[in-house]
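Peer 1: Sharing a structure here in structure tokens format.
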């Protein structure tokens, strides 16, 4: 299956995709409505943590639902939410690991930026070049783990086994994976731009439309990458 075939098959939207998109849309709408309430900072922080965890649960459920009908030809919405608990902590552990790693890189970059501000032009150039060279390899390694959450769910493997499998898979299919990212990225950028423009300023219909657009985009994106993994893991 070529990359074009994967994209064409990935954007197909039928009843299964519609039902899954409604699940994501419901989460987005509920979380936005509650987090938009005027609450104290303590309650707001607790709710943000809760919805971050709940978002992971919904995402895992949707991953599993799409995986189940792509790999096994089954579709069961109640079942996918029950199964999400089985994979929840493994996917969350990967996200925490990747997030912590990304924060370390960001902190290093910020410290270099502060150093550049008080340096001469020649020193600033040296520091900038050193920073780019220093973070290039860690960023590359982090990108190679991109498929770990999907592998956790599709292969029922442990976190570090999935990370290793993702690195091996991405090293052999990196160019094609980048193409898929470049195809989907503009649509995500547009959707995120819309969330900044229509962020609940009395435009509830438009806000809801944007949320549903994001839900549809999430389903399509997951389908594309799962189809890509299924097609290429056999090669």
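Any read-out appearing in this document is the output of simple, stated calculations on the displayed coordinates, not a laboratory observation. Note that the coordinates shown come from a computational prediction; the quantities given were computed from them, not determined experimentally. FYI the Cβ positions are ideal-geometry reconstructions off the backbone, even for glycines, and counts take in every protein chain you see.
Peer 1: Enumerate the residues in the stretch 133-164 having an amide nitrogen under 20 Å from the point lying 7 Å beyond the Cα of residue 100 toward its Cβ.
Peer 2: In the stretch 133-164, the label zone of residue 100 (backbone N under 20 Å from the point 7 Å along Cα→Cβ) covers 138-150, 152, 158-164.
Peer 1: Which shape class, rounded, prolate or oblate, goes with the chain when its Cα gyration tensor gives a ≥ b ≥ c as root eigenvalues, a/c under 1.5 marks rounded, and past that a/b bigger than b/c marks prolate?
Peer 2: On the way: a/c = 1.70, a/b = 1.20, b/c = 1.42.
Oblate, since a/c reaches 1.5 and b/c is not below a/b.
Peer 1: Turning to a different aspect of this structure: Let me know the shape class of the stretch 20-87, please: from the alpha-carbon gyration tensor, a ≥ b ≥ c as square roots of the eigenvalues, rounded when a/c is under 1.5, otherwise prolate if a/b is greater than b/c, or oblate.
Peer 2: prolate
Peer 1: I need to check one value: relative contact order of the chain, counting alpha carbon pairs closer than 8 Å and at least 6 residues apart, in percent.
Peer 2: 32
Peer 1: Another one. What is the distance in Å between the Cα centres of the stretch 134-181 and the stretch 1-15?
Peer 2: 21
Peer 1: Classify the stretch 1-119 as rounded, prolate or oblate from the Cα gyration tensor: take a ≥ b ≥ c as the square roots of its eigenvalues, call it rounded if a/c is under 1.5, otherwise prolate when a/b beats b/c and oblate if not.
Peer 2: In terms of gyration-tensor shape, oblate.
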